[in-house]
Amino acid sequence: MRAIGVVTYGGPEALQLVDLPEEHPGPGQVRIRVHAATVNPTDTYVRNGDRAEMQKTDPPPYVPGMDAAGVIDEVGDGVSSALAVGDRVMAIVVPKGSYGAYRESLVIDADAVALAPRDTSHAAASTLPMNGLTARLSLDLLALEPGQTIAVTGAAGCYGGYVVQLAKADGLTVIADASDADVELVTALGADIVVPRGAEFASHVRKHFPDGVDALADGAVQNDEVVGVIRDGGAYTSVRGYQPAPQRGITFAATWVTKYAHEQAKLDRLRQQVEDGLVTLRVAQTYPADQASAAHARLEAGGTRGRCVIAFG
């Protein structure tokens, strides 16, 4: 069974095709014939050695990947969900050692798997699980009520775009950032107000909401630069563990998607929201497995709108 991994940490060129043993599902698990795996920034940390300390107890190769889509080809005993052989599905993967989404065959707990949205490609479906659940967790941590306001940085990115769309589905008012080139995109995603991105984001937001917004999802990880957009007693979250000194009664929470790695109902709700037209899937480009290095290089070059996806034939 082929996978894409690294034996020696390095740049995109360190990725290589590796052979791994075939596996079969145990109780409560399914096996997916993987057709597509999304390339996310977190994957580069597995490849370049930033996660070396976490992986030191596991021998190489190290296989990245947190998103997979494909077809179930085996079902283990005791799978209580409606998943069956032949179903088109998507899954969120928590990589460890040689276990990651960049592989032709994936054995995974059934509660990390949901049906893929109908009328979508494998590539498109693979872009939803990790980033969609990350956005969902951020909004759940912020715990806003319909009618409240949320600011979003990095709104043109995959995580930020999902936050915008899910926030609108939750009945929130959204003010988001964008470069000049991305204003049309962020507006199309549903942001009520779009302001310039960058170091002046907080002042731009305060022009529209002088008392501040109820919460901020900081997809651009600007930290101290943007906390000023939040009203006293509001809430902040991002995909990094930013924890400043207590200030103005603001609640700070880190969004770690592994908390939702077995939340099948939430993943299935995302599927339904795609089918209902509330969430948009964005694929930048697909790459065959032997060109995974090119996919990583493009991601690290910056400016990608949507996700690069590795396709297994």
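Within the stretch 15-35, identify whether any single residue is closer than 29 Å to ALA301 by Cα and not in a strand (DSSP E or B), and answer yes or no. Yes, the stretch 15-35 contains a residue that is closer than 29 Å to ALA301 by Cα and not in a strand (DSSP E or B).
Each row is one residue, and each column tells you yes or no for (1) part of a strand (DSSP E or B); (2) on the phi < 0 side of the Ramachandran plot; (3) of a type in the set (Val, Ile, Thr).
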{"site": "LYS168", "(1), (2), (3)": "no, yes, no"}
{"site": "ASP182", "(1), (2), (3)": "no, yes, no"}
{"site": "VAL221", "(1), (2), (3)": "no, no, yes"}
{"site": "ARG231", "(1), (2), (3)": "yes, yes, no"}
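The residue list ASP50, ASP43, ASP58 contains one member that is in the same structural domain as GLN285 (by TED's automatic domain parsing), in a helix (DSSP H, G or I), acidic (Asp, Glu) and out of contact with any Cys (no Cβ under 7 Å at 6 or more places or on another chain), which is ASP43.
Number of residues in the stretch 210-252 that are over 22 Å from the mean Cα position of the chain (by Cα) and either loosely packed, with under 13 Cβ neighbours inside 10 Å or over 19 Å from ALA176 (Cβ atoms) (or both) equals 13.
Of the residues THR134, THR127, THR120, which is within 22 Å of VAL279 (Cβ to Cβ), surrounded by fewer than 21 Cβ atoms within 10 Å (Cβ to Cβ), among the β-branched types (Val, Ile, Thr) and modelled with pLDDT of 95 or more? First the steps, then the outcome.
On the way: THR134 fails: surrounded by fewer than 21 Cβ atoms within 10 Å (Cβ to Cβ); THR127 fails: surrounded by fewer than 21 Cβ atoms within 10 Å (Cβ to Cβ).
Checking each option against the conditions leaves just THR120.
Residue-level check: of (1) under 27 Å from VAL174 (Cβ atoms); (2) touching a Phe, Trp or Tyr at 6+ places or on another chain (Cβ under 6 Å), ALA125 misses just (2).
Looking at SER98, is it on the phi < 0 side of the Ramachandran plot and touching a Phe, Trp or Tyr at 6+ places or on another chain (Cβ under 9 Å)?
Spelling it out, SER98 is indeed on the phi < 0 side of the Ramachandran plot and touching a Phe, Trp or Tyr at 6+ places or on another chain (Cβ under 9 Å).
Considering only the stretch 91-160, give the strands (runs of 3 or more DSSP E) lying wholly within it that have at least 2 residues that are over 24 Å from PRO59 (Cβ atoms). Once the strands (runs of 3 or more DSSP E) in the stretch 91-160 are filtered for at least 2 residues that are over 24 Å from PRO59 (Cβ atoms), what remains is 113-115, 149-153. Within the stretch 127-137, the set of residues being hydroxyl-bearing (Ser, Thr, Tyr) and out of contact with any Leu (no Cβ under 9 Å at 6 or more places or on another chain) comprises just one member, THR134.
Per-residue answers, yes or no, for (1) surrounded by fewer than 24 Cβ atoms within 10 Å (Cβ to Cβ); (2) in the same structural domain as GLU200 (by TED's automatic domain parsing); (3) free of Cβ contacts under 8 Å to residues at least 24 places away in the same chain:
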| position | (1), (2), (3) |
| --- | --- |
| VAL93 | no, no, no |
| LYS96 | yes, no, no |
| TYR99 | yes, no, no |
| GLY147 | yes, yes, no |
| GLY160 | no, yes, no |
| ALA167 | no, yes, no |
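The values are calculated or read from the model by the stated rules, or taken from the named source; none is laboratory data. Predicted model, so just to flag it, every value in this text is computed and none were measured. Every residue, glycine as well, gets a Cβ built from its backbone with ideal geometry; the counts of neighbours run over all protein chains shown.
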